[in-house]
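Student: What follows is a single structure, and I will ask about it in a moment.
The values are calculated or read from the model by the stated rules, or taken from the named source; none is laboratory data. Keep in mind that what you see is a predicted model, and the values were worked out from it rather than measured. Every residue, glycine as well, gets a Cβ built from its backbone with ideal geometry; the counts of neighbours run over all protein chains shown. Side chains included, ligands, DNA and RNA excluded: accessible areas come from the protein's heavy atoms. Shrake-Rupley method; radii C 1.70, N 1.55, O 1.52, S 1.80 Å.
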Amino acid sequence: MKKCLLFLASLMVVGFSANAQKVEFEEFDLDNGLHVILHQDNTAPVVTVGVMYDVGGKDLGGSPEAPRTGFAHFFEHLLFEGTKNIDRGEWFTIVSSNGGSNNANTSLDRTYYYEVFPSNNLELGLWMESERMLHPVIDQVGVDTQNEVVKEEKRLRYDNSPYGQFLFAVSENLFKAHPYKNKNIGEMADLDASTLAEFQDYFKKWYGPNNAALVVAGDIDSAEAKEMIKKYFSDIPSRPVPTRSFAKEAPITQTIKAEYRDPNIQIPAIITAYRTPGFKERDSYVLNMVSAYLSDGKTSKLYKKLVDDKKMALQAGAINVAQMDYSIYAVYGLPLGDTSLDDLLAEMDEEIAKMQTELISEKDYQKLQNKFENRFVNSNSGVQGIANSLVRYYMLYDDINLINNEIDIYRSITRQEIQDVVKKYLNPNQRVELEYLPKEKSDN
């Protein structure tokens, strides 16, 4: 009887997560090519207005003769400078004085701007984003101001932060042809050398309505929201759609040995990094599960073995850095005491090899399923998260319905498939082995 009740309870949980969390939305296109996504949720008097542009750090500025890194991230800052109708420095004042908050972020694949307002300020949010898209002020004063802001961000977040160059050190060794080899924040020498005309041309190329998607989610009336959107965005002219032609990476067929010296650390790290499929591929989903198995929580395999049991590492883990064209799968460890990097690497590799030769246990498999079920439910628990997911799945995955059915992909992944994917991608001859070392004062 007890087992029967537990079984029924588990069915109820599955049914709840499969049905009660469904996100309703509607889509339409304006004549200028702007794609619009609406989600109405009147449970709280807040609304999120977001615009995602199909431009990221992989899209270089400048010219073919003098390509410049860091332009998309620079524009993340520059487009808060002001517009034809919003004076310089007034953007944040307008938002905060109307009870709102805002932010923006840039990856190598896209840029996202958003505001969160009390729902009676929906029209204000739409007007501000249309201002940003239609006629931002891109002048030398703004460029010079934001150049200093970006330099300070680079100093704080990367140059002076322990292990702040971790991903950069991996990327520049893992990619030789694709622009994923470049820093998302860019090289400061590139930004210093860039002209005002190059920044203005970059905006014209990438920030048109037909290279963007607008999401409005929260306490709205869909019919009223549509009319407001048409009012503020319909007259923005479309532009030629940019095309990309990135070089393909040759497969890695033998281990690449590398090292990086970081002046901000005292404890070294060993990192193995593999070039893996883009995030739309099923194998990338499987690798997300592999990461969770190896390093999500104190009972995960790497942490339990190397940190808790053998006391060989201060920290150990694995991560799938999911990107559109290629992803990065990295396994890392920081040694404890007299443990050498070679010994730590051997122990890390042993766990990978075990996954290649043995199926993970049914118990561990169920724990993984529970983790991803929980993540799925939490990702759709708030309007701001829903807005981000809707526009991201549309822009990057070409499948907005993933907001409701992505969990089905994880549910369908088998233990055998996990083993097969680890065999396929995580082999020593397919990777970079990076020693991330302290930089001594005597080092150049």
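Yes/no matrix, rows are residues, columns are (1) under 21 Å from the mean Cα position of the chain (by Cα); (2) surrounded by fewer than 17 Cβ atoms within 10 Å (Cβ to Cβ):
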| position | (1), (2) |
| --- | --- |
| Tyr260 | no, no |
| Asn264 | no, yes |
| Ala269 | no, no |
| Gly278 | yes, yes |
| Val286 | yes, no |
| Tyr293 | yes, no |
| Leu302 | no, no |
| Val307 | no, no |
| Met312 | no, no |
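Student: Being assigned to a helix (DSSP H, G or I) and either out of contact with any helix residue (DSSP H, G or I) (no Cβ under 9 Å at 6 or more places or on another chain) or within 30 Å of Asn404 (Cβ to Cβ) (or both) narrows it down to one of Leu390, Leu344, so name that one.
Tutor: Working: Leu344 fails: either out of contact with any helix residue (DSSP H, G or I) (no Cβ under 9 Å at 6 or more places or on another chain) or within 30 Å of Asn404 (Cβ to Cβ) (or both).
Among Leu390, Leu344, only Leu390 is assigned to a helix (DSSP H, G or I) and either out of contact with any helix residue (DSSP H, G or I) (no Cβ under 9 Å at 6 or more places or on another chain) or within 30 Å of Asn404 (Cβ to Cβ) (or both).
Student: Only residues that are open to solvent by 50 Å² or more (accessible area, probe 1.4 Å) and closer than 25 Å to Asn388 by Cα: list them for region 34-89, please.
Tutor: Gln40, Asn42, Thr43, Pro45, Val46, Leu60 - these are the residues of region 34-89 that are open to solvent by 50 Å² or more (accessible area, probe 1.4 Å) and closer than 25 Å to Asn388 by Cα.
Student: Mind listing just one residue for me: the one in region 314-329 that is crowded, with 22+ Cβ neighbours inside 10 Å and within 15 Å of Glu351 (Cβ to Cβ) and, of those, farthest from the chain's Cα centre (by Cα)?
Tutor: Going through the qualifying residues, I end up with Ala316.
Student: Here is a list of conditions, (1) more than 18 Å from Asn288 (Cα to Cα); (2) open to solvent by 30 Å² or more (accessible area, probe 1.4 Å); (3) among the aliphatic types (A, V, I, L, M), and Leu359 meets all of them except one; can you say which number that is?
Tutor: Failed condition: (1).
Student: Now for a different question. In region 143-193, how many residues are crowded, with 17+ Cβ neighbours inside 10 Å, assigned to a loop (DSSP other than H, G, I, E, B) and either of a type in the set (D, E, K, R) or without any contact (Cβ under 8 Å) to a residue 12 or more places away in the chain (or both)?
Tutor: So the count comes out to 1.
Student: If you don't mind, another one. For the subset of region 330-339 comprising residues that are open to solvent by 10 Å² or more (accessible area, probe 1.4 Å) and touching a residue at least 60 places away in the same chain (Cβ under 8 Å), which member is nearest to Leu167 (Cα to Cα)?
Tutor: Checking each candidate, the answer is Tyr332.
The rows are residues; the columns are (1) open to solvent by less than 10 Å² (accessible area, probe 1.4 Å); (2) of a type in the set (Ser, Thr, Tyr).
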| residue | (1), (2) |
| --- | --- |
| Phe203 | no, no |
| Val215 | yes, no |
| Ala225 | yes, no |
| Phe233 | yes, no |
| Ser245 | no, yes |
| Thr253 | no, yes |
| Ile256 | no, no |
